[in-house]
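This report concerns only the one structure given below.
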Amino acid sequence: MNKDLKSHWEAIYQNKSFEEVGWYQAVPETSIQFFEKLNLPKTAAIMDMGAGESRFVDYLLEKGYTNITLVDISAEALKKTQARLGEKGKSVKYIEADAGTFKATERYDFWHDRATFHFLTEITAIEHYTQNSCRSLKPKAHFLIGTFAEGGPKICSELEVFQYSADDLSEVFARCLTQVKAIKTDHVTPSGAKLKFVFCLFKYDG
Ligand SMILES: C[S@@+](CC[C@H](N)C(=O)[O-])C[C@H]1O[C@@H](n2cnc3c(N)ncnc32)[C@H](O)[C@@H]1O
């Protein structure tokens, strides 16, 4: 685990409320729209990589999903989510890990990553993430990723970030995923800035 990176994110979650951070969404609408169309069974194994305090898990629990795993480099983010969910989140699995080195021990039907992958800027971490996610998907699984798009920020939360086109993401995950659909969308931050995002849904080829 990269300790500097971890301290950076811990400090953010210790010092800011979710409503104050640039990536805040009251409802993660784009992710939900993609997810709903898949009509996955309530027992589907779902991974949210770099979940932070995202309300995607709230939506999943509300819909009756019972096998949800949240991974984040920040223990504080996971603690805040656990506290918010309380009793209704008792089935949720929380894993404190760095996406650039994390090795999943389960296999998933649906992998979600909004605004985490673009923080990986070292080739070894990107390579590890793609290998690990490919190894951790079940046959017919789906993989939904949202990253900064071309023309999006180059720095976010004082860290370097990468921008991707839908074609770039297809290339990065080509070892096991085929693109089903891609859309460009703007995320409007709490301060009103518009940040260019691309969301890509992939299907696992395995
Ligand atoms: C921009 S936030 C997005 C959070 C959440 N996905 C959402 O949509 O609200 C990025 C998240 O990724 C986490 N993160 C950053 N680098 C990470 C890494 N290398 N491994 C795991 N999580 C990481 C941060 O702690 C943070 O929660």
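The values are calculated or read from the model by the stated rules, or taken from the named source; none is laboratory data. Just so we're clear, the structure is a prediction, and the values are computed from it rather than from any experiment. We place every Cβ from the backbone using ideal geometry, glycine too, and count neighbours over all the protein chains shown.
Does segment 8-35 hold any residues that are within 11 Å of the ligand (Cβ to nearest atom) and assigned to a helix (DSSP H, G or I), and which are they?
Once the filter is applied, which keeps residues that are within 11 Å of the ligand (Cβ to nearest atom) and assigned to a helix (DSSP H, G or I), segment 8-35 yields H8, W9, E10, A11, I12, Y13, F18, T30, S31.
Looking at E96, E106, E160, which one is near the ligand (Cβ under 10 Å from one of its atoms) and of a type outside the set (S, T, Y)?
Checking each option against the conditions leaves just E96.
Please go through segment 67-85 and give me each residue that is assigned to a helix (DSSP H, G or I) and charged (D, E, K, R), ordered by number.
Taking segment 67-85 and keeping what is assigned to a helix (DSSP H, G or I), we get 75-85.
Listed by number, the residues that qualify are E76, K79, K80, R84.
In this structure, does G64 turn out to be part of a loop (DSSP other than H, G, I, E, B) and within 12 Å of the ligand (Cβ to nearest atom)? Spell out how you get there, then give the answer.
Details: part of a loop (DSSP other than H, G, I, E, B): yes; within 12 Å of the ligand (Cβ to nearest atom): no.
Against the criterion (part of a loop (DSSP other than H, G, I, E, B) and within 12 Å of the ligand (Cβ to nearest atom)), G64 does not qualify.
Residue-by-condition table, conditions (1) of a type in the set (V, I, T); (2) touching a residue at least 60 places away in the same chain (Cβ under 8 Å):
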| site | (1), (2) |
| --- | --- |
| V21 | yes, yes |
| P28 | no, yes |
| T43 | yes, no |
| M47 | no, yes |
| F56 | no, no |
| K63 | no, no |
| K80 | no, yes |
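Going by the conditions given, is E96 modelled with pLDDT of 95 or more and surrounded by 14 or more Cβ atoms within 10 Å (Cβ to Cβ)?
The answer is yes for E96.
Residues being aliphatic (A, V, I, L, M) and loosely packed, with under 11 Cβ neighbours inside 10 Å: count how many of those fall in segment 12-26. Quick ask: steps written out before the conclusion?
Applying the first criterion (aliphatic (A, V, I, L, M)) to segment 12-26 yields 12, 21, 26.
Pick out the ones that are also loosely packed, with under 11 Cβ neighbours inside 10 Å and you get 26.
Adding up the residues that qualify gives 1.
For segment 161-181, give me the residue count where each residue is free of Cβ contacts under 8 Å to residues at least 40 places away in the same chain and of a type outside the set (A, V, I, L, M, F, W, C).
7
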